[in-house]
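*Asks:* Dropping the structure in here first, questions after.
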Amino acid sequence: MGGRPVIRVLLADDQEIVRTGMAMILSAENDIEVVAQARDGLQALDMVRSHLPDVVLMDIRMPRLDGLDALRHLTRPQAAHRPQVVMVTTFDDEDYLTRAVALGAAGFILKDSGPRLLAEAVRAAAAGDSLVSPSITVRLLRQLRTGGATSQSAAGLLSPREHEVVVLLAEGLTNAEIASALSITVGTVKTHLTNVQAKLGARNRVEIAAWAWRNGLAGHSA
């Protein structure tokens with residue numbers, strides 16, 4: 001693996017066949033290890049504390065404690081361990097995305113997205129480098145748009161370069177793609193995004209993208 005760190009993953013889904021399938025897909029990847037599987041939200045919280053995963057793939061609809069409530073616990077500022085959480089569901093629903101974004105989800109993919117995207121979602125969440133499944137996430141984020149024009153307060157909050165970075169981020173580009181498009185380094189992109197997160201009080205890239213869509217910074221070419 002050339003020293004590449006192994007990403008520790010916890011799977012949370014109430015259907016055993018789904019967990020088994022995802023585990024088989026991810027275990028075939030050299031840089032991903034499935035360290036635990038939970039059948040509901042409560043068990044997921046216990047396993048996060050004991051296994052300390054880097055990424056949790058979380059179903060939304062589960063018994064005892066659903067995925068959104070479990071996400072709320074995992075993203076609390078006082079949480080002892082805060083993994084990146086990607087919501088995985090069969091439900092392509094605006095309300096789920098809106099709530100997941102508000103609660104700090106690092107990504108949102110559908111169960112039928114395919115093996116390649118599942119592994120990419122894990123890597124992206126671990127690296128903090130992608131919205132995960134741009135074709136899905138951007139399409140759903142587009143529904144958060146409140147108007148066609150950029151508000152004056154939103155326009156004045158970011159520097160011109162930060163504005164450019166955020167627009168490309170909201171369209172689903174990775175750090176490397178943003179760097180290429182703007183002829184800057186990946187490190188510079190990361191610096192801009194760190195500054196933007198601080199300005200917006202955003203927890204991750206998904207929240208930045210949601211803010212951009214809500215404030216009319218993204219989607220003008222859609």
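The values are calculated or read from the model by the stated rules, or taken from the named source; none is laboratory data. Because the structure is predicted, anything quoted here is derived from the model rather than measured. Note that each Cβ is placed from the backbone with ideal geometry, even for glycine, and that neighbours are counted across all protein chains shown. Remember, those area values only see protein heavy atoms, side chains included, never the ligands or the DNA or RNA. Shrake-Rupley method; radii C 1.70, N 1.55, O 1.52, S 1.80 Å.
*Asks:* Considering only the stretch 30-58, state which residues are more than 21 Å from A70 (Cα to Cα) and either open to solvent by 60 Å² or more (accessible area, probe 1.4 Å) or among the β-branched types (V, I, T) (or both).
*Replies:* N30, I32, E33
*Asks:* Still on this structure, please answer the following. Restricting attention to the stretch 183-207, which residues are in a helix (DSSP H, G or I), crowded, with 16+ Cβ neighbours inside 10 Å and of a type outside the set (V, I, T)?
*Replies:* Answer for the stretch 183-207, where residues must be in a helix (DSSP H, G or I), crowded, with 16+ Cβ neighbours inside 10 Å and of a type outside the set (V, I, T): K190, H192, L193, L200, R205, E207.
*Asks:* Between L110, L118, L103, which is more than 16 Å from I208 (Cα to Cα), at pLDDT 85 or above and either within 12 Å of the chain's Cα centre (by Cα) or of a type in the set (A, V, I, L, M) (or both)? I'd like the intermediate steps shown before the answer.
*Replies:* Numbers: L110 fails: at pLDDT 85 or above; L103 fails: more than 16 Å from I208 (Cα to Cα).
Unique residue meeting the criteria: L118.
*Asks:* How about the stretch 121-136: which of its residues are surrounded by fewer than 22 Cβ atoms within 10 Å (Cβ to Cβ), at pLDDT below 85 and part of a helix (DSSP H, G or I)?
*Replies:* Once the filter is applied, which keeps residues that are surrounded by fewer than 22 Cβ atoms within 10 Å (Cβ to Cβ), at pLDDT below 85 and part of a helix (DSSP H, G or I), the stretch 121-136 yields A127, P134, S135, I136.
*Asks:* Assuming A170 fulfils every condition listed in (1) at pLDDT 90 or above; (2) of a type in the set (A, V, I, L, M); (3) open to solvent by less than 30 Å² (accessible area, probe 1.4 Å); (4) more than 19 Å from V85 (Cβ to Cβ) apart from one, which condition is it?
*Replies:* For A170, the failing item is (1).
*Asks:* Just to be sure, is V167 in contact with a Phe, Trp or Tyr (Cβ under 8 Å, 6 or more places away or on another chain) and not in a loop (DSSP other than H, G, I, E, B)?
*Replies:* Details: in contact with a Phe, Trp or Tyr (Cβ under 8 Å, 6 or more places away or on another chain): no; not in a loop (DSSP other than H, G, I, E, B): yes.
The answer is no for V167.
*Asks:* Touching a His at 6+ places or on another chain (Cβ under 8 Å) and modelled with pLDDT under 85, is that true of A79?
*Replies:* Details: touching a His at 6+ places or on another chain (Cβ under 8 Å): yes; modelled with pLDDT under 85: yes.
In short, yes.
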